[in-house]
Amino acid sequence: MEFSELIKIRQSVRRYQDKPVERDKIDKLIESVRLAPSACNSQPWTLIVVDDPALKEQAAKTTYGPLVSFNRFVPQAPVLAVLVLEKPKLVSQIGGRIKNKEYSLIDIGIAAVHFCLQAAELGLGTCMLGWFDEKKIKKLFNIPSSASVGLMMTLGYAPEGYALREKKRKDIIDMCRFNDY
């Protein structure tokens, strides 16, 4: 599949089939994250793949509550991926302080996009999740206090006939400039 087509079919999937994701596909997803670029090759992440149904259910419950219902689809996904933000290499930390940039946040964003685009190529759906109870996730997966949970992603097969939605994006003239702001 050409990249220009791949980026058109990738979308946030919020309904999933009750069908497991094959281990060889998960291995390809892991490799796509492993190969993601990062500032100073710091690779400031750990990817936790959650495919144990009971553990996945516990993690899914941290993404919504009585007042926050927009993630109620998460338990349907057969797999959750947790991107843990690790302490970056010293050179990346120093560079980030000098430039007032959070390079490690940029880095896990790139890693997450690798994951989602690889999933789309494999016929899988994903949805990035920024809303979850980090304290509960850290406890559930024994994540050290020195690390933080950057984001979570659902993974699975969208239902048959799941419609590809029209992408609503800014017009090019509103988001791109040449040679000047």
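Every read-out reported here was derived from the displayed coordinates using simple, explicitly stated rules and does not represent laboratory data. Computed from a predicted structure; not experimentally measured. Every residue, glycine as well, gets a Cβ built from its backbone with ideal geometry; the counts of neighbours run over all protein chains shown.
List of remarks:
- Residues of region 12-55 with amide N under 19 Å of a point placed 7 Å along Cα→Cβ from Ile98: 38-43
- Sorted fewest first by neighbouring Cβ atoms within 10 angstrom, Cys40, Cys127 come out as Cys40, Cys127.
- DSSP-assigned coil residues among GluC sites (Glu not before Pro) in region 1-78, each with at most 12 further Cβ atoms within 10 Å: Glu2, Glu22
- Aspartates and glutamates whose Cα lies under 20 Å from that of Lys89, excluding same-chain neighbours fewer than 8 positions away: Glu102, Asp107
- Distance in nm between pseudo-label sites at Tyr181 and Ile7 (7 Å out along the Cβ direction from Cα): 2.4
- Note on the chain: GNM, Cα springs under 10 Å; of Val113, Val68, Val49, the largest mean-square fluctuation is that of Val68.
- Semi-axis lengths, Å, region 54-112, gyration tensor of Cα atoms, sqrt of 5 times eigenvalues: 33, 13, 9
- In summary, the helical segments of the chain meeting the span-like criteria, namely a full DSSP H run, a Cα extent along the axis of 15 angstrom or more and a mean Kyte-Doolittle hydropathy of at least 0.0, are 103-121.
- Each 5 Å bin from zero holds the following percent of Cα-Cα pairs in the chain: 1, 8, 15, 18, 18, 17, 12, 8, 3, 1, 0.
- Qualifying lysines (Cα of each under 23 Å from Cα of Lys87; at least 8 residues distant if same chain): Lys99, Lys101, Lys135, Lys136, Lys138, Lys139
- Along the chain, longest interval not containing exposed trypsin sites (Lys or Arg not before Pro), exposed being DSSP loop plus at most 11 other Cβ atoms within 10 Å: 1-164
- Amide H contacts for Val149 (H built 1.01 Å from N in the peptide plane; partners 5 or more residues away or on another chain; cut-off under 5 Å): Leu85.
- Tensor-based shape of region 129-181 (alpha-carbon gyration tensor, a/c under 1.5 rounded, otherwise prolate or oblate): oblate
- Estimated FRET transfer efficiency (Asp27, Gln58; beta-carbon r; R0 25 Å; 0.05): 0.55
- Cα-based Kirkwood hydrodynamic radius, region 96-171, one decimal, Å: 15.1
- Gain on full stretching of the segment that runs from Asp18 to Ile173 - 0.36 nm per residue minus C-alpha separation: 51.6 nm
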